[in-house]
Every structure is written in C-alpha cells, then in structure tokens.
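The values are calculated or read from the model by the stated rules, or taken from the named source; none is laboratory data. Treat the numbers as computed from the prediction; the structure is a model and nothing was measured. Glycine gets a Cβ as well: all are built from the backbone with ideal geometry, and neighbour counts include every protein chain shown. These accessible areas exclude ligands, DNA and RNA; they are computed on the full protein's heavy atoms, side chains included. Shrake-Rupley method; radii C 1.70, N 1.55, O 1.52, S 1.80 Å.
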Amino acid sequence: MSDQPHRSRKPGKPYRRPQKDPVRMLAFEALRAVDERDAYANLVLPPLLRKAREKEGPDKFDARDAALATELVYGTLRRQGTYDAVISACVDRPLREVDPPVLDVLSLGVHQLLGTRIPTHAAVSASVELARVVLGDGRAKFVNAVLRKVAAHDLDEWLDKVAPPYEDDPEDHLAVVHSHPRWVVSALWDSLGGGRAGIEELLAADNERPEVTLVARPGRATTEELLREEASVAGRWSPYAVRLTEGGEPGAIDAVRDGRAGVQDEGSQLVALALADVPLDGSDALWLDGCAGPGGKAALLAALAAERGTALLASEKQPHRAGLVAKALAGNPGPYQVIAADGTRPPWRPGSFDRVLMDVPCTGLGALRRRPEARWRRRPEDLDGFGPLQRGLLRTALESVRVGGVVGYATCSPHLAETRSVVSDVLKQYPQAELIDARPLLPGVPELGDGPDIQLWPHLHGTDAMYLALIRRTG
C-alpha cells in the first residue's frame, strides 16, 4: 500500500500503516474459522497458537499472549448472545445486515470492554487497529463509533438496558444475561427443576472457564505421578482424576504424551467407573463400548478391565474416530479390540457381553463450558434427528448384553428428550430389563437427585452435565 497521504485525510497528515497485533489477529482468525467453517474453537486454537509462537518467536508471543488470545476467543464465544444484544443497541441496522467479519471484530472489542480488565482506551484502540488491518479504514471508523458507544456503560448497566425484566419474561431475561439461546434456557430449566437460583447458577457455570482434568489410567499411571506436575490437585470425585488449576499444556506431561494418562472430564470418568462397579452374578469376561469415539471412556474402561483379566471391544461407526480410539487404547496392558461398526447394525452376536456402555451422540448441551459455540449452533429440531438414533443404540445395547448383565446409557446432555425420555420409551419395549439405582456407585458424590438414574451438573459437581442410567437385563 502507498505511503502517500490518503486523499480523504487532512493535508499534511501522513498515512500510517495499521499495526498488526498477533494476539488479536489470532483471536480474529479463530472466530472466523468458527463462523465460516463451523469449526470448534478447541480444535482450531491450538494450531493457531503454535503457528503464532513459531512465527513471532517466544520473545514476542509468550505464555501471557497465548492466555490472552485464548480468553478473547472463548470469552467472546461464551458471551456472544449478550454482546449481540449490546451491539444491536449501538447500531442503526439489524445485526444480520452487519458483515460477519465486522461483527467478529466488534464482539472481540466488546468482550475487552465489558468482560476483561483491559483499560477502555486500550480496548478501543486495539480493536480499531485490528479493524484497519482486516477490514480497512472505512469500516474501522464504524467499529470505532460503535465501541465508543459501548464504552459508555459497564456490563451491569448494559444488562439493565438490553435484558427484559425477569418478572416480564424470565426465560428471555436469563437468555440475555447469561448468553444462552432461549430454548436452551428452557430445556435446562426443565431438566434441573426448582426455582430461579439453580438455573442462574447453572447458566453462570456454563460461562466459566473449566479446569483441565486428567485421568491416570489404572495400571499405567498413578495420580501421585500426575500430582507432581505444577499447579495440580486431586480430582473431586474420581480416584483417577487430577485437575490442572492453572490450565497448562497437557501434551507436555510425560504420562499424557505416552498415553498412560489422558485429558478426560471427571463426569466422563464417573460414568465409566459406575458401569465397571455394578455387581454382577456370573461371568465378567467381555465388555463393550458401543460408541467409543474419540476414546476417553474406552481407554479408562479398558484399563479397568485389564486389572480384572477382562477384554474390551470398542466399536465406533466413523473410521477416523475409530482411529482415535485405537490411539487412545494403544499400550493398554489387557486384551482389547477396536472396530469400525454401526452400533445400530452390530456385527456381534446378541447377548455377547457382560457390560455395555452406550455413550450416545447427542446435542452436547452438557459440555457448553468446553464448546461454547455449540449453544449457538444447536436448534430444537436437532433433537428430532438424535432421538431415533439414541433409542436404536439403547435397544442394541440391551440386545447385546447377556441376561444378568448391565447396560450404561450415557449422554453429555441433560435435555430430558435425550435422557429420561429415551430410557423410558425403550424400557417399555423391554419388560425384561430394569433400572438399577446408580447413586450408590458414585460414593461421596453429593446431590445426585432422586435416582435411580444420575444427572451431574457443572454448578453442583464441577463436571460436564453427564447423564447415566444403568439397566440390568433380567431375561
């Protein structure tokens, strides 16, 4: 671009090249990938961070820069609904008429103004400079004007302006204040039950940054080994869990790099442990993970099975995900097999297994802390697509387990249409199956409800909102 004075500028005022800020450029790239390619931030961010470190060097892009970039991306995605409402109040057109790249720059700026401790002048100037680099001078002026309006109020003042009063519309109020789609608020409220306090705590927990939780795969690693890592503490509930309280890079840990430990939410660990600990009469020689990808629960189950001399079959429909399962199980000390197979058309004989886990595909509403963009992508009609598949997989599980064996039906969603409704509908077709009270199998875990199934919650247990129903085949 020419260094000559721009025609639209005052005579004698030289043109200044916009300065590229690698942190904000990275955050913008990540948001564009999420928007344009339906990418997930947790998948696109690590390679972008590596690329920035290699390009800029450790002196110009250090751990603090990586932490700020991560906060800008995740914070913007989590609070997107709130920030959209604020931006709408500051522009003279519907948001759908604002170009998506412009909206991404604005959202990053609003997060810096309302969701971080970055000083106002720095948040505005950095966002305008980003706009000059990626959008051009003309649209940078628009960004500057909007952000100066936003900067006139803090977050609480904006919420008073843009959120309807709770008394007039409770669900819409919560949707704007806690940045969840209204239908998700309604669904979570139905699943949770109770009054205002519980749903407010749950929605707030969805917007908090989750700790990284590791699992020490039994027989291969120990929690004592993982606890020697910096800023690590024992898990709350799982005897195999260790939490990294200051984030950290799991891939830098020897046990994780070697596959002896892995990254696994504590709720996911509890589901596998509960299934493995159900008392059985008779044989306990062969287990099935019928929806094994990407392999976290399968790796824990395989390690538990190995301690008992038991084998695990891990089945996953998608070949590339079956490859991830095989990688997670590599080095397991006991017998196992990984296959690519459709769980609704199983290649194994009925009644072949003593224990079966079906962690079925779902909306993922229980993991919104980790995948904040999922809340904006999911629609109520998605439930219509998942429902038949979930019921079919649970039927397969009941047909695959032997008489006296046990099935664990799990979802990473608390939506009643994906949890109790599925279990209830399928059990009506299988009178020779009964629910087991799962609560005693999670000793020490509080507030598990009335049973016999279990629903974990971010605000109560610090886990993803995992659901588990344990079913014994009786005939």
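Taken per residue, the accessible surface of the chain reaches 45 Å², heavy atoms only and a 1.4 Å probe. Rounded to the nearest 0.05, what FRET efficiency do M25 and D425 give with R0 = 51 Å and r taken as the Cβ-Cβ distance? Could you check? Efficiency at R0 = 51 Å is approximately 0.55. Only the Cβ atoms of Lys and Arg (+1) and of Asp and Glu (-1) were treated as charged; on that basis the dipole of the chain about its Cα centre amounts to roughly 1720 debye.
Note on D169 and R228: the extension gain reaches 16.2 nm, defined as 0.36 nm multiplied by sequence separation minus the Cα-Cα distance. When Kirkwood radius over Cα pairs in Å is calculated for this entry, the matching label among (1) 24.3; (2) 26.6; (3) 22.2 is (1).
Can you bin region 261-391 into rounded, prolate or oblate? Criterion: square roots of the alpha carbon gyration tensor eigenvalues sorted a ≥ b ≥ c, rounded for a/c under 1.5, prolate for a/b above b/c, oblate for the rest. Prolate is the answer for region 261-391, as a/c is 1.5 or above and a/b outweighs b/c. The label point for R345 and the one for L389, both projected 7 Å from the Cα toward the Cβ, are 1.6 nm apart.
Model label sites at A67 and V403, defined 7 Å from Cα along the beta-carbon direction, differ in position by 6.1 nm. Using a cut-off of 14 Å between beta-carbons, work out the net charge of the residues near L95 (Lys and Arg +1, Asp and Glu -1, L95 not included). With Lys, Arg at +1 and Asp, Glu at -1, the net is -4. For G405, the residues whose amide H sits under 5 Å from its own are R473, ignoring neighbours fewer than 5 places away on the same chain, with H placed 1.01 Å from N.
Equivalent ellipsoid of region 197-268: semi-axes from √(5λ) of the C-alpha gyration tensor, largest first, are 25, 13, 10 Å.
Which residue, A252, A197, V177, has the largest displacement toward the positive end of the dipole of region 149-253 when charges sit on each Cβ (Lys, Arg +1; Asp, Glu -1)? Result: A252, furthest along the dipole toward the positive end.
Take R37, project a point 7 Å from its Cα along the Cβ direction, then tell me which residues of region 48-84 have their backbone nitrogen under 12 Å from it. Within reach of a label on R37, which here means backbone N under 12 Å from a point 7 Å along Cα→Cβ, region 48-84 contributes 48.
Computed from the C-beta positions of R321 and R117, the FRET efficiency with R₀ = 51 Å rounds to 0.80.
Computed over Cα pairs, the Kirkwood radius of region 180-323 leads via Stokes-Einstein (0.692 mPa s, 37 °C) to a diffusion coefficient of 191 µm² per second. Among residues other than I253 with Cβ under 15 Å from its Cβ, the summed charge is -3 (Lys and Arg +1, Asp and Glu -1). One equal scatterer on each Cα of region 326-440, no solvent, Debye formula: the resulting log10 I(q)/I(0) at q = 0.21, 0.22 Å⁻¹ is -1.25, -1.29. Summing charges over neighbours of R402, with a neighbour being any other residue whose Cβ is under 11 Å away from its Cβ, gives 0 when K and R count +1 and D and E count -1.
Secondary-structure-derived ellipticity at 222 nm for the chain, considering helices only, amounts to -14000 deg cm²/dmol, per-run term -39500 (n - 2.57) for DSSP H runs with n ≥ 4.
Of G444, P58, T396, which is farthest along the charge dipole of the chain in the positive direction, counting Lys and Arg as +1 and Asp and Glu as -1 at C-beta? The listed residue farthest towards the positive side: P58. Less than 5 angstrom separates the built amide H of G235 from those of A241, V242, R243, all sequence-distant by 5 or more or on a different chain.
By DSSP, the beta bridges lying fully in region 202-341 are antiparallel in about 55 percent of cases.
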